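Here's the structure we're looking at; comments come further down.
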Amino acid sequence: MSNIKKLTIKDIAAKANVSTATVSRYLNGQLNQMSEKTAAKLKKIIKETAYIRNSAAVQLAKQKSNLIAVIASNIDEYFSSEYFKGIVSILSAQGYIGVLFDSNSDKIIESALLESVYNQNFAGLILQPLSTDRRLIEKFSNNHIPVVLIDRDIGNGEISTVTTNNFQITKFAMTNFLDKGFKKVTIITEPVNDISTRVERVAGARSVFDNVQLIEVDTDHLDLAELSDKIDIKNPKNFLFVLKERLLIQLIANTDLLNETNSQQRLTGFIDTNIPKYLAPKYKFIQQSPYLMGATAAEILMAQFLEQHNTDIKQIVIPSRFE
């Protein structure tokens, strides 16, 4: 029996002083992704070592996965559950399965999840990012794993995104309240933290009102008594603008906090379901379409599978409505 150790792709990479990915590309005939010098070096080493590929491993590696990773910033939010339904509606029709992960509003957890997904056999990724560090997701694209961002824009224009018209619809809604005689807006939100969605909504409010109060809270540990002390609710010219539906519902349900002395609406915000409309049927809210946003993100991902040669980046805006 021969005691000669069978060479692996890592051995070839070490001899050529290149990455295993480069060796893999060479073996798969992707010579346009390396220099002629590197290709010639690999050809010479493979010939000299009589390297033979492990065909079983090759077949396993080439096996097409039907799993799509979906990383939500917080699955407790109505927005996340709604857009995941939209994603699944498209994926299932194409024979793909969406696997939902929760970063729980934690950048460290998000980074670990991205690393785990990258090292598994997922065909693509739909991400609602917390971090603005593009390097965390660029490696997916570099390894030909399609990525679509939802609800957030990290600003490099090199990754397809599906968002809503945060700034424009906020400005429109704020103008409506300004025309009704309000002079101040109190914005209630989770920490902005450079998250594009929140940044754009705050900017939309500030583009209309000179007097803007920003209150950042923890949705999971909201102290309504403490919040009541901060809100200038007795000022008839002040109204509340809430950036998340869960927060909005808590405020609508707390009649003591609002205790409006007249019939004029003094509270609005972004909503993802019809629940706030049931609780306050006479109010107008900014209605998002998370289901449609999710379905659109999945459609973009499917198109990337079918048109791998097409590198067009899609920047899709699904309009919200003030109604």
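The values are calculated or read from the model by the stated rules, or taken from the named source; none is laboratory data. Source: prediction; values computed, not measured. Note: ideal-geometry Cβ built from the backbone for every residue, glycine included; neighbour counts use all protein chains shown. Just so you know, the surface numbers come from the protein's heavy atoms only, side chains and all, with ligands and any DNA or RNA stripped out. Shrake-Rupley method; radii C 1.70, N 1.55, O 1.52, S 1.80 Å.
Of everything in the range 159-181 that is surrounded by 20 or more Cβ atoms within 10 Å (Cβ to Cβ) and in a loop (DSSP other than H, G, I, E, B), the residue that is modelled with the highest pLDDT is Thr164. Note on the range 25-48: residues that are part of a helix (DSSP H, G or I), at pLDDT below 85 and open to solvent by less than 60 Å² (accessible area, probe 1.4 Å) total 4.
Is at least one residue of the range 185-195 touching a Pro at 6+ places or on another chain (Cβ under 9 Å), open to solvent by less than 20 Å² (accessible area, probe 1.4 Å), closer than 18 Å to Ser131 by Cα and touching a residue at least 40 places away in the same chain (Cβ under 8 Å)? Break it down stepwise before answering.
Step one: filter the range 185-195 for residues touching a Pro at 6+ places or on another chain (Cβ under 9 Å), giving 195.
Okay, now just the ones that are also open to solvent by less than 20 Å² (accessible area, probe 1.4 Å), so 195.
Now narrow it down to the ones that are closer than 18 Å to Ser131 by Cα: 195.
Still in the running and touching a residue at least 40 places away in the same chain (Cβ under 8 Å): 195.
Yes, that holds for at least one residue.
The set of residues from the range 97-150 being β-branched (Val, Ile, Thr) and outside any strand (DSSP E or B) comprises Ile108, Ile109, Val117, Thr132, Ile137, Ile145.
Suppose the filter is surrounded by 19 or more Cβ atoms within 10 Å (Cβ to Cβ), in contact with a strand residue (DSSP E or B) (Cβ under 8 Å, 6 or more places away or on another chain) and within 24 Å of Lys244 (Cβ to Cβ); does Gly86 pass it?
Working: surrounded by 19 or more Cβ atoms within 10 Å (Cβ to Cβ): yes; in contact with a strand residue (DSSP E or B) (Cβ under 8 Å, 6 or more places away or on another chain): no; within 24 Å of Lys244 (Cβ to Cβ): yes.
So Gly86 does not fit the description; no.
So is Leu91 open to solvent by less than 50 Å² (accessible area, probe 1.4 Å), of a type outside the set (D, E, K, R) and at pLDDT below 95 or not? Yes; evaluated as a whole, the condition is true for this residue.
Within the range 118-137, being open to solvent by less than 10 Å² (accessible area, probe 1.4 Å) and small (Gly, Ala, Ser) holds for one residue alone: Gly124.
Restricting attention to the range 169-191, which residues are out of contact with any Ser or Thr (no Cβ under 9 Å at 6 or more places or on another chain) and closer than 24 Å to Tyr291 by Cα? Scanning the range 169-191 gives Phe172, Thr189. If only residues of the range 217-236 that are in contact with a strand residue (DSSP E or B) (Cβ under 6 Å, 6 or more places away or on another chain) and either of a type in the set (A, V, I, L, M) or open to solvent by 80 Å² or more (accessible area, probe 1.4 Å) (or both) are counted, the one that is nearest to Gln264 (Cα to Cα) is Ile231. Taking the range 237-255 as the range and being open to solvent by 20 Å² or more (accessible area, probe 1.4 Å), closer than 28 Å to Ser80 by Cβ and not in a helix (DSSP H, G or I) as the test, the residues that pass are Lys244, Asn254.
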